[in-house]
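Here the structure comes first, spelled out in structure tokens, and everything after it is commentary.
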Amino acid sequence: MTKRFILIMMALLPAFAAGAYETISTANNTMVLEAQQGRNLYFWYYGPSLGEKDLEALAGSGLQRQVAYPFHGNEAYKEDALSVVMPDGQLGLNLVVKEVRRTAWEDGELLEITCNDDIYPFEVKSVYKSYFKENIIETWTEITNAGKKPVTLTRFDSGYLPIHVGDVWISSQYGAWGNEGRILTQPLCRDMVSIKSKYGTRVASRTRSEVMIGLDGKPQENTGRVIGAALCWTGNYELRFDTDNDNFHHFFAGINPDNSAYTLAPRETFVTPALALSYSVEGLGGVSRNFHRWGRNYKVHNGQKERMILLNSWEGVHLAIKQPLMESMMKDLADLGGELFVMDDGWFASEKYNRDKANAALGDWGVDARKLPDGVQHLTDVAAQNGIKFGIWIEPEMVNCRSELFEKHPDWVVKYQGREPVYGRGGTQTVLDLSNPAVQDYVFKVFDDVMSLSKDIAYIKWDCNEDIRMDGSQYLKNQQHLYIEFTRGLLNVLQRIRAKYPDVVIQDCSSGGARVSYGIMPYFDEFWTSDQTSAQQRIFIQWGTSYFYPACAMACHISASPDLHSAMPAPLKLRVDVASSGRLGVELQPSAMTVEERKFVKDAIQTYKSIRPIVQQGDLYRLVSPYDGLGLASLMYCTPEKDKAVFYWWKIDHHINQHLTRVCLAGLDPERSYKITELNPLPGAKPLCYEGKSFTGHFLMETGVEFPIGDKKPWQSFMLLLEAQ
Ligand code: DGJ
């Protein structure tokens with residue numbers, strides 16, 4: 001062997017031998033990077049766990065490595081994760097490995113690889129954190145200006161993943177108000193696919209910052225290799241797939257840099273939000289279960305706590321809050337077996353402005369004595385007398401120009417200098433500038449003051465009904481920093497709130513589900529899935545939302561028929577069965593229900609209490625997708641021990657002589673027998689043929705179940721409890 005040949009081989013393969021390969025692992029997955037001092041950091045592999053032998057063979061396997069965090073420089077025509085304007089105006093970087101650190105934490109490892117530029121005083125740390133049990137790897141980037149002059153970041157992604165070309169598909173969520181979480185599944189072809197938001201506040205309204213990546217064609221529910229990715233940020237974001245002329249789909253995810261270049265002061269470090277990744281060979285469902293477990297264990301506030309069954313006043317009374325009405329609703333809820341009453345919008349006022357319409361008083365958080373003469377303490381007392389808890393609605397980051405707050409602090413609103421604000425809801429609503437510490441203090445105080453209206457407030461519904469329409473701050477010097485500083489300001493307030501109020505349940509509401517992300521859920525126990533409460537439409541909305549979020553966090557309420565927004569009638573049983581697949585609640589005026597309807601809902605609440613741990617903490621298996629056009633949708637939750645499961649079956653269209661597919665269950669133990677009991681049966685209905693009988697997990701999963709459907713019975717539904725014998 002010539003010396004030259006040996007040198008070439010060393011340049012190509014030596015990293016494993018030299019111990020320069022760094023792995024980060026979870027129970028089922030491994031990610032491999034190459035970190036050689038003085039060289040660029042490379043990504044080699046992300047997939048099923050690799051043993052020592054596989055790792056040794058990796059370098060000679062023909063796999064192509066990619067720069068692990070693509071920076072602008074050397075191949076400037078390529079898409080970047082990081083681009084920077086240096087103080088001298090230069091754009092090109094060359095980041096080389098300086099240091100590798102590895103530390104353990106209770107559920108995994110933290111791998112930190114620091115690179116610096118070979119010319120400029122500029123440092124980039126790529127961090128990888130494994131959640132071993134949950135099969136999640138988080139990655140984020142810490143960018144430090146070690147020089148004496150400011151540098152400008154024009155692109156600063158959290159992370160990057162190269163995905164080898166093949167039959168690769170992505171499944172993301174799109175939507176609109178009342179129609180959130182719709183699934184869009186598409187093959188990755190040439191060119192760029194960008195999933196992004198620029199709304200500033202309601203960033204999950206039209207798209208969401210999560211995506212499923214199917215490596216074996218159109219992703220399937222329970223089979224095939226799928227990667228899930230969630231950007232943990234509640235501000236503007238962009239997820240992009242670049243497919244150019246090489247062997248990879250290049251996936252980038254981070255803060256959306258549009259109108260948001262970040263100037264990094266000398267010695268300042270910019271920490272990007274985390275990008276959470278999960279790889280599963282059990283299809284979309286496998287990835288969802290990983291994210292749900294991770295969410296419940298770490299990323300949804302109090303994610304392992306049982307959620308209360310609540311009645312929210314909004315669809316029942318809207319803004320017409322009145323003390324006697326609140327009292328009677330609380331009594332009705334207690335009679336139904338509910339556990340928490342939430343007084344929604346309409347309860348507050350100032351001397352000058354009241355909240356009879358949704359166009360005034362936001363910002364003036366005094367109790368409206370005309371509506372609630374005895375105050376909030378009285379209401380919490382009444383709740384206690386009824387054996388239930390009490391919650392209240394706020395929208396603290398917002399203001400109406402028809403408010404005393406606006407008159408006092410016009411400088412607190414987000415708007416361009418010298419221009420009049422542009423208003424949204426009610427023609428009067430706009431956003432307070434959370435980049436301003438004085439506004440942060442004010443928002444914290446709103447929460448704090450509301451909590452002090454009674455010592456017994458157990459729940460806050462935090463709403464957010466406006467976007468940033470004019471991205472101007474009257475506080476910041478650098479206007480490009482608004483989106484980032486606004487989001488940081490919001491997070492700062494939420495941290496302060498959680499430090500003082502760790503146990504109060506807080507709902508993340510934003511005209512429905514317009515602000516759900518793993519960037520905000522660490523502070524919230526749940527989110528309002530959608531203002532759309534039509535059972536037929538909720539099946540689609542909840543299906544998409546369940547891709548990444550666990551049932552315990554998804555607020556799902558039984559509303560009136562026809563519901564407020566779609567005007568689509570639905571049988572009570574369907575409404576109950578659909579709402580019972582998430583965190584159950586009620587969103588109507590109970591006094592408008594018939595005696596029979598009350599009895600049915602009361603029984604269903606009792607039933608839900610008995611299955612609550614299975615639904616809220618169990619493993620989700622989606623069985624038949626409403627998006628597949630088969631006329632039905634079906635899913636189930638199973639305990640991790642596989643001893644109990646709850647199965648749901650919803651008919652989603654209605655034709656004479658309709659023929660429907662059998663549904664094969666999943667997640668059960670094939671060897672065990674499961675006794676079946678129908679839940680929420682219709683009064684007087686003939687028992688199902690399965691009732692009280694036992695079937696093996698093998699039979700239920702391989703042969704499946706079918707249900708009698710009546711041509712005169714639209715929108716039928718069934719719920720079954722399965723108990724291992
Ligand atoms: C929008 C929310 O999504 C509704 O549930 C309700 O709270 C209204 N805002 C109140 O204004």
- Message: Among the numbered criteria (1) in a loop (DSSP other than H, G, I, E, B); (2) at pLDDT 95 or above, which one does residue 208 miss?
- Response: (1)
- Query: If you scan region 152-191, which residues turn out to be farther than 23 Å from residue 46 by Cα and surrounded by 23 or more Cβ atoms within 10 Å (Cβ to Cβ)?
  - Reply: 173, 175, 180, 181
- Message: Being of a type outside the set (A, V, I, L, M, F, W, C) and either touching a Ser or Thr at 6+ places or on another chain (Cβ under 9 Å) or away from the ligand (no atom under 12 Å from the Cβ) (or both) is the filter here; which residues of region 307-336 pass it?
- Response: 307, 315, 316, 322, 323, 324, 327, 328, 331, 332, 335
- Inter-residue pairs, beta-carbon under 6 Å, first away from the ligand (no atom under 15 Å from the Cβ) and in region 577-591, second open to solvent by less than 10 Å² (accessible area, probe 1.4 Å) and among the aromatic types (Phe, Trp, Tyr), 6+ apart: 580/608; 581/648; 584/608
- Item | Cβ pairs under 8 Å, 6+ apart, first in region 245-258 and in a loop (DSSP other than H, G, I, E, B), second hydroxyl-bearing (Ser, Thr, Tyr) and open to solvent by 10 Å² or more (accessible area, probe 1.4 Å) | 256/483; 257/154
- Query: For region 274-304, what are the residues that are under 29 Å from residue 85 (Cα atoms) and open to solvent by 10 Å² or more (accessible area, probe 1.4 Å)?
  - Reply: 274
- Note on the structure: Checked against (1) within 16 Å of the ligand (Cβ to nearest atom); (2) hydrophobic (A, V, I, L, M, F, W, C); (3) within 31 Å of the chain's Cα centre (by Cα); (4) surrounded by 20 or more Cβ atoms within 10 Å (Cβ to Cβ), residue 358 satisfies every condition except (4)
- Out of the residues in region 383-442 that are out of contact with any helix residue (DSSP H, G or I) (no Cβ under 7 Å at 6 or more places or on another chain) and small (Gly, Ala, Ser), state the one that is nearest to the ligand (Cβ to nearest atom). 426
- Message: Please go through region 612-625 and give me each residue that is touching a residue at least 60 places away in the same chain (Cβ under 8 Å) and open to solvent by 10 Å² or more (accessible area, probe 1.4 Å), ordered by number.
- Response: 612, 613, 617, 619, 621, 623, 625
- Task: Please verify whether region 322-331 includes one or more residues that are open to solvent by less than 10 Å² (accessible area, probe 1.4 Å) and either among the acidic types (Asp, Glu) or assigned to a loop (DSSP other than H, G, I, E, B) (or both).
- Result: no
- Query: List, please: which pairs have Cβ atoms under 8 Å, are six or more places apart or on different chains, and start with a residue in region 495-513 that is part of a loop (DSSP other than H, G, I, E, B) and at pLDDT below 95 and end with one that is open to solvent by less than 20 Å² (accessible area, probe 1.4 Å) and within 14 Å of the ligand (Cβ to nearest atom)?
  - Reply: none
- Item | Exclusive hit being crowded, with 17+ Cβ neighbours inside 10 Å, out of contact with any Ser or Thr (no Cβ under 6 Å at 6 or more places or on another chain) and not aromatic (Phe, Trp, Tyr), set 422, 413, 450 | 450
- Query: When you look at residue 21, is it among the aromatic types (Phe, Trp, Tyr), at pLDDT below 95 and surrounded by 19 or more Cβ atoms within 10 Å (Cβ to Cβ), yes or no?
  - Reply: yes
- Message: Which pairs turn up if I take residues in region 62-83 that are farther than 15 Å from residue 35 by Cα and at pLDDT below 95 and look for partners that are part of a loop (DSSP other than H, G, I, E, B) and among the hydroxyl-bearing types (Ser, Thr, Tyr) with beta carbon separation below 8 Å, at least 6 apart in sequence or on another chain?
- Response: none
- Message: I'd like the residue in region 530-540 that is away from the ligand (no atom under 13 Å from the Cβ) and either within 18 Å of residue 207 (Cβ to Cβ) or in a loop (DSSP other than H, G, I, E, B) (or both) and, out of all such residues, is most open to solvent (accessible area, probe 1.4 Å).
- Response: 540
- Note on the structure: Within region 471-490, residues being under 26 Å from the mean Cα position of the chain (by Cα) and either within 16 Å of the ligand (Cβ to nearest atom) or assigned to a loop (DSSP other than H, G, I, E, B) (or both) number 1
- Item | Of all residues making up region 637-676, the number that are of a type in the set (Ser, Thr, Tyr), open to solvent by less than 40 Å² (accessible area, probe 1.4 Å) and not in a loop (DSSP other than H, G, I, E, B) | 3
- Which ones in region 501-529 are hydroxyl-bearing (Ser, Thr, Tyr), within 12 Å of the ligand (Cβ to nearest atom) and under 13 Å from the mean Cα position of the chain (by Cα)? 510, 529
- Query: What number of residues in region 108-146 are in contact (Cβ under 8 Å) with a residue 40 or more places away in the chain and outside any strand (DSSP E or B)?
  - Reply: 5
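The values are calculated or read from the model by the stated rules, or taken from the named source; none is laboratory data. Being a predicted model, the structure only gives us computed values, none of them experimental. Methodologically, a virtual Cβ is constructed for each residue, glycine included, from the backbone with ideal geometry; neighbour enumeration extends over all protein chains shown. With ligands, DNA and RNA removed, areas are computed over all heavy atoms of the protein, side chains included. Shrake-Rupley method; radii C 1.70, N 1.55, O 1.52, S 1.80 Å.
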